[in-house]
C-alpha cells in the first residue's frame, strides 16, 4: 500500500514510508515543543522533493519504495500572512532550504474571513491579505468555515494540506461552539478518505482539557503529542504517537513508546527512540 511521506526521514522509515493516503493527523503540542516545527518541516520537505531533488536527497535521503509524494503542498492559516509564515520558517530551518521547498507551495490566508465579524480593525489584517474572498464585495463575503470547505473541496485531493490551526477555530465563539469542532473534524476525516493525500492539523494543548483533547483525537485518524520532558537540569522535546490507524501497530511491534526530538537547520528531527525495556 502506498504511503504519503511526512517529510521526517527517520519517522517515515520506521512506519513504512509515511501515512496511509487520506489520513487526517492531529499535531497536538505544548508551546515550543515541536508540533509547529513538525508541520513546517513536513510542508517544506514535500515541496523540496518536487522542486530540488538534489537538495532533497541531501537533507532527507532516499524515499521509501512505498512512499508516494503528494501532488501539491498547501498551507492554510486563519490568522497569519504568507510573509509571516515564511519568516518563521526561515527562523526554524536553513534559508536556502525554505526558499526551495516553499517555491511550489501554495499558501492560503483566511484572516479576512476569520476576523471579519470580530472587533479587530480591518486595517490590521486586510492590507496584505491574499484571500479567496473579495474584501470589496459585502454581498459575496463567506464565513471562515465556508471558505475553508470550498477551498478543500477544490484543492485537497492528492495534496499535503497543513491547517494552522485548530486552536484558532476554538476561539471563534458564537460562530463555532466547542462541541462543533470534533464533528467538523469527523466530517473532514470522511472527506479526506476520498481525497487521498494527507491533512495535518495543528492544535495547542495548553488551553485544552484532557477530555477535549481526547475528543479531538477520536475525530482524527492519527494523533501525535509533542511535549517538554524534564531530565535533570535540561528540558527535552518529546513526541508520542498516541493513535494512528495503519501506523501505531508498527511502532508497538518495535516497543517504541516515545521519540526524543530536536530542531536543527533542516527542521524537525528525531534524535532518539525510547523503547519499553
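FYI, it's all coordinate maths here, none of it is from the lab. Owing to the predicted nature of the structure, the values given are computational and were not obtained by experimental measurement. Cβ sites come from the backbone with ideal geometry, for glycine too, and all protein chains shown count toward neighbours.
Below is a table of values for the structure above.
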{"item": "Pairs where the first residue, in the stretch 89-100, is farther than 11 Å from residue 41 by Cβ and the second is surrounded by fewer than 16 Cβ atoms within 10 Å (Cβ to Cβ), C-beta under 7 Å, 6+ apart", "result": "94/265"}
{"item": "Residue satisfying condition, being surrounded by fewer than 24 Cβ atoms within 10 Å (Cβ to Cβ) and within 17 Å of residue 223 (Cβ to Cβ), within set 36, 90, 3, 74", "result": "36"}
{"item": "Checklist (1) farther than 26 Å from residue 74 by Cβ; (2) without any contact (Cβ under 8 Å) to a residue 60 or more places away in the chain applied to residue 187, failing item", "result": "(1)"}
{"item": "Number of positions in the stretch 247-264 that are part of a strand (DSSP E or B) and touching a helix residue (DSSP H, G or I) at 6+ places or on another chain (Cβ under 9 Å)", "result": "5"}
